Structure formats: C-alpha cells, structure tokens
Amino acid sequence: MDRRMLLKQLGMAVPAYLLATKGNAMGLLDGSDGYMAKGRFQPTWNSLQGYQVPEWYKKAKFGIWAHWGPQCEPEYGDWYARGMYEEGSDQYNYHVKKYGHPSKFGFKDVINQWKADEWHPEELVNFYKRVGAKYFFAMANHHDNLDLWNSKHHYWNSVNLGPKKDIIGGWAKAAKAAGLPFGVSVHAAHAWTWYETAQLADKKGPLQGVPYDGKLTKADGKGLWWEGLDPQDLYTQNHPLSSTENNLNIHAQWHWGNGVALPSKAYCELFYKRTIELIDKYEPELIYFDDTVLPFHPINDIGLKITAHHYNKSIQRNNGRLDAVVFGKILDEMQRQCLVWDIERGQSNVIEPFTWQTDTCLGNWHYDKRVYDHKGYKSARTVVQTLVDVVSKNGNFLLNVPVKGNGSIDEQERAILEEVAAWMQVNSECIYDTTPWKVLGEGPAMENAAPLSAQGFNEGKGKRMDATDIRFTLKGKTLYAVLMGWPEEGVARIKSLSAGNPLWPGDINKVQLVGGAELTHKRSSTELLVNLPDQKTAQPYAVVLKIV
C-alpha cells in the first residue's frame, strides 16, 4: 500500500514531503543511497521474514544494560530533559533549585556539566560478566538527542561536548575484551516531539511568559559557552507543537498518530545516517529501538532500512552467519518473525512461540538518587525470580543497572548483583542453553498474572511468587523445576509430575538439588513429592531441582 494512503487510513496528517514525492517516502529506499549494505535482506517486511534468531542469543538468556547518558547527571530520574521543562513538576522544581530557571539553564547546559569522570567501562563490564550476563548493552542516545559516540553527522555528541569521551567506543572495547556480544539502544527518533516542552514558558510566577531555551538558535549563543553551536540541532524544535501538549498525550502519540507533529524529511534522514554510522563504526550485534515497531513506523521505511543493513553487515562480519538481533515493541505476529519482540517492564504470561525479551531495571531507567536514599531497588530475589519466570516462557532478560552521572554504580546496586552472582554460580545450568518445557509452571502467581499494557508494564502487578509457585526449564532430557520459595514443611509438591501425568509419562529416575545432594522422592496420582534437605539453600527464594 502507498504510504500516503496508509497514513490517511490511520487518521494521520500526510507531511508535505510525502505529498511532493512519488513512490517511496524518503527517496532513500532503493538501496542506492550509499549507506545501506547490500546482501540477503531488503528493507521490506517480506524480505525480513527470512530472519532467524541466532542460536547464541537464544542460549544466552541474560544481559545487562547501561542505560546511561547526560540525563543521569542530575541523578533525578527518568525523562529529566523533558520533565525539567514541565512547570511545577518535581524535576522542574529540582532543576530551578539546583541549576536555575530553564529559560537560562536548559538541558544543553546540563550536557555541558556532565563529565563522567569516574567511568571505568572495563571494570563494570567484567563485573557484569561475573554476575552472569552473556551480553552487554549500552545506550547510544536517548530522547535527549545527544549521541554518545564520535558522530560525524551530529555535532551534539559526547566527544565534542560534556565528558569529551567516546562512550560507545569505550563500552564496545570493554565488551569485546570480555568476550560479550555488544548491543546498543537507540531512542532518539522521538526527540522531535519529546522536547516540545522546551518550547513552553511558565504560566505563573516572576518569569511568567519568558520562553524556555527550546527555540534558541545559533545567533543566541554569542559570548556563551555554546557560541557557534545551534541548539536546534539538539532540540529540533523549529516546528509547531503537536496538536495537544499535556504530559500524557506524548504516550498516545508515540506511534506518530493522534495529532503528533510529524518529523521533517531532513530530521529522518539525519537519524538514518547517524544510526548507520553507529552500526558500521562499532559493530554491535544487538540493536534495541525504543519505538512502536521501528523508528518512524509507519510514516517511512527508515527502520526497515536500518534493520536490513544491520542483518547484512552481521552476515558480512561473521563469514555468512547472521548473529544480529533487532528489538521492537508492540509487534504483530508477522513482525515477530522479522524482529525480536521486546516487552518493557513486563512479562508475557504464556510460552511464546518466538524468542522474546523483557527489559527492566533495578531502579529507574536513569539514575535517581531518591531510589538509593529510600533503598528502593529491586531485590536480588525479584531479579532472580523474574529471570527464571522469563526463561520459562522462551524469553531473555535484559536488566538495566542505573549508572550515576559520574559513570559509577553505587554500593547498594553492587550488593544486589553480588547476590545474583552467587545464585547464578550455583544454579545457572537451569538458565543458559535451556528451552521451555511443555508447560511454563504452576501455582497461584501464574493463575493471577496481570495482562500486558501497551509496551508491557505489567511488572509487579500480579501476585508475588512464593514456595507454591514453580517454573520449569528443559535442557535435553533434563527438567529443571525452580521452587520460588522454600516450603515450610520441607517437601516440594509438583502437580505437573504426578504419576501417570501425560506431561511426564515415563519414570522419574533421579531428583537432585542443583549444587547439592540427590533427594528422595515419591509420586502419587496427584503430585510428585520431593523431600528437601534440613538446611535451606543460600538463596531459598529460587530452589532448583534437577529431574531426570
């Protein structure tokens, strides 16, 4: 279907540059633009359906993510570069007190203060590998639109400004040295609308009506630290506001509908060139897009072009083997054959036919000192139980560990990860290189699971798992049953393994506590009973039984 007709069917305004073109929207989609790699994949859904998720990723199960950039410098939570322009919000009030009014000290000035002077990527990546991560992710840019690499297409980057460091280069080198596949997350497609709050002004108070710095231009920087730079290259706000501007509507407009101000051709082309450069220069095997389906879907095919390029480059690098993964959100069944479905802060409630991933974080996405002060991080128990639950459903688990503005992580985070590492050291055989069993598990938490909402967001909304909840994974002919707690009577009861149960029609020869001794067991017509040792395991919230 012609893209203009598709947009009209979705009730979306057709941008002027589409009305002026014939055929493909961007004039970049015929493979002759000088950027896209040629190869097995073309930038069409039909071509991308030939994708197969690489075996290494299916087996890896667990990754760690550094969702770190200049919005961590204030250490005051997520979406700071938007929230600081929302009059009366916590972040606005904090910003005025710490830095000054956003008409005088905008986010560009926060970038200037970010130094990352305690960032040691090798130490952090090696620590994450010891915790059990089999791949590592770093944020390449966020909605704040600062590229965290030495971009030749976008001067607003971390080499020219702020820390004056190639953040992605440092992470990539550390991941490669540690032998971990490297991934990047790309969020900048939405800066066009996400920064719209920077166009506003206070509606009350002494600076009522004084514009924030969102529409400053190059000429306004004379005599200031940013003289010679154009803030519009960062904020991209030389356009009318979307039809609604309250804080909630950006979520409704995330898919480029419902009155959103559609991006210009130049903006989309620049994003394309930046992302292709990122792939070519740092050679990640994984790319996470914080978008509905893909960047700019459905208004153009740039996301499809980047995906095809990424797959083709991986094949070239790996002597014909495709090791690459691209993640997208809110995918239909066809799209899940082309990409890996990512669920943000949530889990599927069934065994999925295609490999998928959940991404979540110990605290907030960007470092927030308030979470630290209130000891609000996820516990090791929650991390481990979530990992097991996701793997039982054919998923992978990507955990963000919030990084402070200076590039370090705090001691509370380290303690949690050390506990996760201790569990993994004993029990990781039930995680790595496993597949789902015939059923994912049993127990009340599964029966009372919360449904997904939009990108995910059902995390923590269901019943907390306890000793009556069990999750299964399989490796060859070995079944792992993970008890999400230590039964009070010291006896595990597994209904799915009762005598004569078609899920396990043969005999059970041996039941062993992983990392411990063989256990006595008995099958009845209703359940398998396993007598646990008198001494609890070190982490009794995830007790792994090995059954053959």
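Just for the stretch 88-117: of the residues that are touching a helix residue (DSSP H, G or I) at 6+ places or on another chain (Cβ under 9 Å) and of a type in the set (D, E, K, R), which one is farthest from Trp156 (Cα to Cα)?
Ranking the qualifying residues of the stretch 88-117, first place goes to Asp90.
Filtering the stretch 355-377 down to residues that are charged (D, E, K, R) and buried (at least 20 other Cβ atoms within 10 Å of the Cβ), which residue is nearest to Gly77 (Cα to Cα)?
So, considering only residues that are charged (D, E, K, R) and buried (at least 20 other Cβ atoms within 10 Å of the Cβ), the one nearest to Gly77 (Cα to Cα) is Asp368.
Can you go through Asp342, Asp359, Asp433, Asp323 and tell me which one is part of a loop (DSSP other than H, G, I, E, B) and either in contact with an Asp or Glu (Cβ under 7 Å, 6 or more places away or on another chain) or closer than 30 Å to His95 by Cβ (or both)?
The match here is Asp323.
Please verify whether His154 is under 30 Å from Glu123 (Cα atoms), within 25 Å of the chain's Cα centre (by Cα) and of a type outside the set (A, V, I, L, M), treating the condition exactly as stated.
Judged against the criteria, His154 is a match.
Quick check on the stretch 362-384: of everything there that is assigned to a loop (DSSP other than H, G, I, E, B) and over 13 Å from the mean Cα position of the chain (by Cα), which residue is nearest to Gly69 (Cα to Cα)?
Among residues in the stretch 362-384 that are assigned to a loop (DSSP other than H, G, I, E, B) and over 13 Å from the mean Cα position of the chain (by Cα), the one nearest to Gly69 (Cα to Cα) is Tyr367.
Checking Tyr80 against (1) crowded, with 22+ Cβ neighbours inside 10 Å; (2) more than 24 Å from Thr217 (Cα to Cα); (3) in contact with a helix residue (DSSP H, G or I) (Cβ under 8 Å, 6 or more places away or on another chain); (4) not hydrophobic (A, V, I, L, M, F, W, C), which test does it fail?
(2)
Being assigned by TED's automatic domain parsing to the domain that holds Leu148, within 19 Å of the chain's Cα centre (by Cα) and closer than 30 Å to Phe182 by Cα narrows it down to one residue among Ile287, Ile299; which is it?
The conditions single out Ile287.
Say whether the condition of being without any contact (Cβ under 8 Å) to a residue 40 or more places away in the chain, under 24 Å from Trp365 (Cβ atoms) and surrounded by fewer than 21 Cβ atoms within 10 Å (Cβ to Cβ) is met by at least one residue in the stretch 180-202.
Within the stretch 180-202, none of the residues are without any contact (Cβ under 8 Å) to a residue 40 or more places away in the chain, under 24 Å from Trp365 (Cβ atoms) and surrounded by fewer than 21 Cβ atoms within 10 Å (Cβ to Cβ).
Which one is farthest from Thr468 (Cα to Cα), of the residues in the stretch 496-530 that are part of a strand (DSSP E or B) and among the β-branched types (Val, Ile, Thr)?
Val511
Would you check if Tyr57 is closer than 30 Å to Leu417 by Cα, surrounded by fewer than 23 Cβ atoms within 10 Å (Cβ to Cβ), hydroxyl-bearing (Ser, Thr, Tyr) and out of contact with any Cys (no Cβ under 7 Å at 6 or more places or on another chain)?
Answer is yes for this residue.
Can you tell me which residue within the stretch 531-548, out of those that are part of a strand (DSSP E or B) and more than 29 Å from the chain's Cα centre (by Cα), is surrounded by the most Cβ atoms within 10 Å (Cβ to Cβ)?
Only one residue fits best here, namely Leu545.
Condition first: surrounded by fewer than 18 Cβ atoms within 10 Å (Cβ to Cβ), of a type outside the set (A, V, I, L, M, F, W, C) and out of contact with any strand residue (DSSP E or B) (no Cβ under 8 Å at 6 or more places or on another chain). Can you find one or more residues in the stretch 130-149 that meet it?
Within the stretch 130-149 (the criterion being surrounded by fewer than 18 Cβ atoms within 10 Å (Cβ to Cβ), of a type outside the set (A, V, I, L, M, F, W, C) and out of contact with any strand residue (DSSP E or B) (no Cβ under 8 Å at 6 or more places or on another chain)), the answer is yes, since at least one residue qualifies.
Which condition breaks for Leu331 when tested against (1) in a loop (DSSP other than H, G, I, E, B); (2) not assigned by TED's automatic domain parsing to the domain that holds Lys115?
Unmet condition: (2).
With Val326, Val350, Val371 as the choices, which residue is of a type in the set (Val, Ile, Thr) and either assigned by TED's automatic domain parsing to the domain that holds Glu285 or free of Cβ contacts under 8 Å to residues at least 24 places away in the same chain (or both)?
That would be Val326, the only listed residue that is of a type in the set (Val, Ile, Thr) and either assigned by TED's automatic domain parsing to the domain that holds Glu285 or free of Cβ contacts under 8 Å to residues at least 24 places away in the same chain (or both).
The values are calculated or read from the model by the stated rules, or taken from the named source; none is laboratory data. The structure presented is a predicted model; accordingly, all values stated were derived computationally and were not measured. Because the Cβ atoms are built from the backbone with ideal geometry, glycine has one as well, and the counts that use them run over all protein chains shown.
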